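The values are calculated or read from the model by the stated rules, or taken from the named source; none is laboratory data. Bear in mind that the values here come from a model prediction, so they are computed numbers and not experimental data. Every residue, glycine among them, receives a Cβ derived from its backbone with ideal geometry; neighbour counts consider all protein chains shown.
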């Protein structure tokens with residue numbers, strides 16, 4: 001059985017962190033999160049804890065830090081099954097840089113998924129985030145980020161060549177070609193398959209033909225989405241078994257080290 005690393009999930013400790021639209025379907029106590037993923041054939045998951053109601057700037061950086069500590073708590077509980085991602089915030093440059101330093105001491109290499117629209121910020125190209133990304137680059141970290149404005153994403157990737165960036169969500173036919181252009185243009189740019197896009201038949205084969213399987217990472221966005229649908233979508237595409245291995249786990253292993 002091949003390994004599958006899901007590069008994009010959102011586990012939770014508190015109920016308000018449960019991103020499932022139908023929350024009654026998923027509870028923390030019975031570890032259904034792990035059981036679901038393993039039932040889908042997924043062997044390792046990566047991602048950040050998010051407050052489903054959003055995190056307000058007025059709550060201070062402590063609210064962001066709480067999400068990060070919950071991610072580490074889940075890493076302690078689940079062991080190698082879960083690779084945690086931590087949040088940073090451009091409204092708190094000093095605190096975010098210190099958080100990255102702490103994350104490094106904990107063996108954390110993943111930042112994000114960054115979700116600006118849920119944390120009251122909106123500009124990937126702003127100077128404040130740039131300062132934080134400089135530190136992430138020094139530490140050799142990977143930044144998973146929610147796809148937003150194309151000009152902002154382009155500037156962020158271009159200005160921080162030491163950072164490995166993994167865009168979340170191919171999106172649909174208007175945005176996917178722009179993702180592919182960035183993947184071709186920047187050695188440090190990658191794309192995970194979570195969210196909208198993969199349901200379009202042939203989407204992945206087209207991307208592999210255009211930029212190579214080395215540029216894609218498997219992701220689902222569970223518990224927002226049904227993870228097994230994503231596994232079968234990749235398996236069903238007319239690409240080589242080697243390409244599927246790269247997408248399912250080899251690319252993630254290479255980036256995570």
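Quick test for you: out of 52, 39, 48, 25, pick the one residue that is over 22 Å from residue 254 (Cα atoms) and within 19 Å of the chain's Cα centre (by Cα). Show your work before the answer.
Values: 39 fails: within 19 Å of the chain's Cα centre (by Cα); 48 fails: over 22 Å from residue 254 (Cα atoms); 25 fails: within 19 Å of the chain's Cα centre (by Cα).
After applying the criteria, what remains is 52.
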Mind listing whichever residues of the stretch 61-101 are free of Cβ contacts under 8 Å to residues at least 12 places away in the same chain and either in a loop (DSSP other than H, G, I, E, B) or under 22 Å from residue 122 (Cα atoms) (or both)?
62, 66, 94, 98
Considering every residue within the stretch 141-158, establish whether at least one is closer than 25 Å to residue 205 by Cβ, touching a residue at least 12 places away in the same chain (Cβ under 8 Å) and surrounded by fewer than 16 Cβ atoms within 10 Å (Cβ to Cβ).
yes
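Evaluate the following for residue 207: is it buried (at least 22 other Cβ atoms within 10 Å of the Cβ), in contact with a helix residue (DSSP H, G or I) (Cβ under 9 Å, 6 or more places away or on another chain) and outside any helix (DSSP H, G or I)? Full working, then the answer.
Values: buried (at least 22 other Cβ atoms within 10 Å of the Cβ): yes; in contact with a helix residue (DSSP H, G or I) (Cβ under 9 Å, 6 or more places away or on another chain): yes; outside any helix (DSSP H, G or I): no.
So residue 207 fails the test.
If you check residue 124 against the conditions, is it farther than 19 Å from residue 62 by Cβ, surrounded by fewer than 17 Cβ atoms within 10 Å (Cβ to Cβ) and at pLDDT 95 or above? I'd like the intermediate steps shown before the answer.
Numbers: farther than 19 Å from residue 62 by Cβ: yes; surrounded by fewer than 17 Cβ atoms within 10 Å (Cβ to Cβ): no; at pLDDT 95 or above: yes.
Against the criterion (farther than 19 Å from residue 62 by Cβ, surrounded by fewer than 17 Cβ atoms within 10 Å (Cβ to Cβ) and at pLDDT 95 or above), residue 124 does not qualify.
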Listed by first then second residue, the pairs whose first member lies in the stretch 194-222 and is without any contact (Cβ under 8 Å) to a residue 12 or more places away in the chain, whose partner is not in a loop (DSSP other than H, G, I, E, B), with beta carbons under 6 Å and at least 6 positions apart or on separate chains, are none
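In the stretch 211-229, which residues are within 19 Å of residue 183 (Cβ to Cβ) and in a helix (DSSP H, G or I)?
In the first step, residues of the stretch 211-229 are kept if they are within 19 Å of residue 183 (Cβ to Cβ); the result is 211-219.
The answer is 211, 213, 214, 215.
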Count of the stretch 235-257 residues which are under 24 Å from residue 84 (Cβ atoms) and either at pLDDT 95 or above or surrounded by 15 or more Cβ atoms within 10 Å (Cβ to Cβ) (or both):
11
